[in-house]
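Chemist: The structure follows.
Read the figures in this text as sums done on the coordinates, not as results from a lab. Just so you know, these numbers come straight off a predicted model, no measurement behind them. Reconstructed Cβ throughout: ideal geometry from the backbone, glycine too, with neighbour counts over all protein chains shown.
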Amino acid sequence: MFRQRRDIQKWLSEVIEKFREKGAVSPDKAMTAEELGLPPVFEEAMKRRLGRSGIFVEANGKYYLSEERLKQIEEMLSAKGEMPNLRRKVATLRLIQLVAIVIVVVLFVVNLFVQSWELRVASVVLLVVWLLIAILQICYITKIRKRLII
């Protein structure tokens, strides 16, 4: 029936709007699918994932919109939308960390032959940068884990 995620989102927002227009937003104002002007597909979807989501609640053959549950799901989805961004940041930091450590090793090896204090200072600065990147990575990974738990 739905070919793309956008189609599902569009259909779902239309259904939510119908519930709001008709005022079916509490148990005492619940209405049947026919009263709400919903297609038979709605009741089929309620038997599956849509019903388990808790956005629409069924009470004695009538349905109402749970605004609280809808808000919770919207917040959860917006938090998950940030997840790929955090993962991308962690991957970028790992790459930068790898480059920094390679440069530090090269500087130490060169310093064995050249004996320059500038090379030693540059090596120490790069090690500090490497440590800061490691700390930043830990912060991002902690954020990712907290969001996965919630």
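Chemist: Over the chain, with a Gaussian network built from C-alpha contacts below 10 Å, which listed residue (Gln72, Gln115, Gln137) shows the highest mean-square fluctuation?
Modeler: Gln115
Chemist: Quote to one decimal, in nm, the extra length available between Ile138 and Arg88 on full extension: 0.36 nm per residue of separation minus the C-alpha distance between them.
Modeler: 16.6 nm
Chemist: Which semi-axes, in whole Å and largest first, does the equivalent ellipsoid of segment 6-150 have when worked out from the alpha carbon gyration tensor as the square roots of 5 times its eigenvalues?
Modeler: Semi-axis lengths for segment 6-150 are 59, 12, 10 Å.
Chemist: Need the full-extension length gain, Glu14 to Val125, defined as separation in residues times 0.36 nm minus the C-alpha distance. One decimal, nm.
Modeler: Using 0.36 nm per residue and subtracting the Cα-Cα distance, I get 34.3 nm.
Chemist: Which of the trypsin sites (Lys or Arg not before Pro) found in segment 16-120 are loop residues per DSSP with 11 or fewer other Cβ atoms within 10 Å of their Cβ?
Modeler: For trypsin sites (Lys or Arg not before Pro) across segment 16-120 that sit outside H, G, I, E and B with at most 11 neighbouring Cβ atoms in 10 Å, the list reads Lys47, Arg48.
Chemist: How far is the Cα center of segment 97-150 from the Cα center of segment 1-77, in Å?
Modeler: 51 Å
Chemist: What is the calculated FRET efficiency for Asp28 to Glu74, with r their C-beta to C-beta distance and R₀ = 25 Å, to the nearest 0.05?
Modeler: Rounded to the nearest 0.05, the efficiency is 0.55.
Chemist: Let me ask something else about it. Considering only Val121, Leu70, Leu136, whose Cα is most displaced toward the positive end of the charge dipole of the chain, charges sitting on Cβ of Lys, Arg (+1) and Asp, Glu (-1)?
Modeler: After comparing all options, I get Val121.
Chemist: May I pose another question? My understanding is that a pair violates if its Cα-Cα distance is over 27 Å; which of Lys62/Lys146; Lys29/Lys71; Lys89/Lys146; Lys47/Lys71 do that in this structure?
Modeler: Violating the 27 Å limit, Cα to Cα: Lys62/Lys146.
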